[in-house]
Structure formats: C-alpha cells, structure tokens
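Working notes for the structure below.
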Amino acid sequence: MDIKKPLSVEEFKNKRREILASGMKSKIKPSVLDKIAVWITDHVGSMGFFVIIFLWTAIWLGWNMFAPKAARFDPFPGFVLWLFISNMIQLFLMPLIMIGQNVQAKHADLRAEADLKINIQAELEIETILSHLEYQNDLMLKILKDIEKKS
C-alpha cells in the first residue's frame, strides 16, 4: 500500500492563487455605456454636484424674484414657486442619496474583500487539516496491516 503524502501549505497557497487568478480573468468587461453610467454615478453622487445644483437653483430663484421685472424670464410666483416646491426634494435628495450609496458601496466592497480573504484562509486551513488527517489515517491503516501480518 502506497501512502500519498498530503500537499504542503505552500502547494495549497499556489493552488489558491491559481483559482483567484482565473476568477479575475473571468470578469465581464464593462461596455462603453456601463463606463458612462459609472462615471455619471461617481460625479453626480458627489458633494460638488450637490453644491452646483444648490447654487443654480438659488440663483434662478433669486433672479426671478429680485431682478428688474423686465429681466425676469420666469416671474414670481408662477413657475418659479412651483419649480421650487416640486423639484427641491428631488434636486437635493438625489445627489445626497447617491453620495450615501457610493459611500456604502465602498464600505461594502472593503467588507466583502476582507470576508473573501478570511474565507480563502479558512478554506486553506480546513483543506490542510483534512489532508493531514487523511495522511494519518492511511499511516494508521498501514501500521495495523503490518501488525496483523506479524501476528
């Protein structure tokens, strides 16, 4: 009976690297539209965009309320008041929600990456323990067979 020695820890690490490398290669390449969507999300979901929207709305509202009557392009209280009331919520909440989603996504990515590393390490340890247990079992069976032959 030939007893097969278990893989070393280094061999397990090399095996894991190969698996991770093949997993990275299989990722889907994003299309141009996907890249544009990510760019928009990154830029709209920023405090800079929020400030631009806020200033634009404040200037528009201020101009149409306080500019000379001949220079107003949307006189108060007509459309400006409706615009202010109906769109303020969406104009201010949309960038804030996206900012929050971006921050949460970054944290989720970090947690997921840490979980993956822990899971890979745990799997490596489990495989090593199982391999050594199998090796010890084979050795014990060999010893038992040798004892039986002698008696």
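The values are calculated or read from the model by the stated rules, or taken from the named source; none is laboratory data. Keep in mind it's a predicted model, so treat the numbers as computed, not measured. Backbone-built Cβ (ideal geometry, glycine too); neighbour counts: all protein chains shown.
Look at residue 71 and say whether it is free of Cβ contacts under 8 Å to residues at least 40 places away in the same chain, small (Gly, Ala, Ser) and surrounded by 12 or more Cβ atoms within 10 Å (Cβ to Cβ). Steps first, please.
Working: free of Cβ contacts under 8 Å to residues at least 40 places away in the same chain: yes; small (Gly, Ala, Ser): yes; surrounded by 12 or more Cβ atoms within 10 Å (Cβ to Cβ): no.
When the stated conditions are applied, residue 71 does not pass them.
Quick one: in region 22-39, of everything that is among the charged types (D, E, K, R) and part of a loop (DSSP other than H, G, I, E, B), which residue is modelled with the highest pLDDT? Only one residue tops the list, namely 29. Residue under question is residue 106, and the condition is that it be closer than 30 Å to residue 10 by Cβ, part of a helix (DSSP H, G or I) and of a type in the set (Lys, Arg); does it hold? Considered against the rule, which asks whether it is closer than 30 Å to residue 10 by Cβ, part of a helix (DSSP H, G or I) and of a type in the set (Lys, Arg), residue 106 comes out as no. For region 127-137, indicate whether the set of residues that are of a type in the set (Val, Ile, Thr), at pLDDT below 80 and surrounded by 11 or more Cβ atoms within 10 Å (Cβ to Cβ) is non-empty. No, because not a single residue in region 127-137 is of a type in the set (Val, Ile, Thr), at pLDDT below 80 and surrounded by 11 or more Cβ atoms within 10 Å (Cβ to Cβ).
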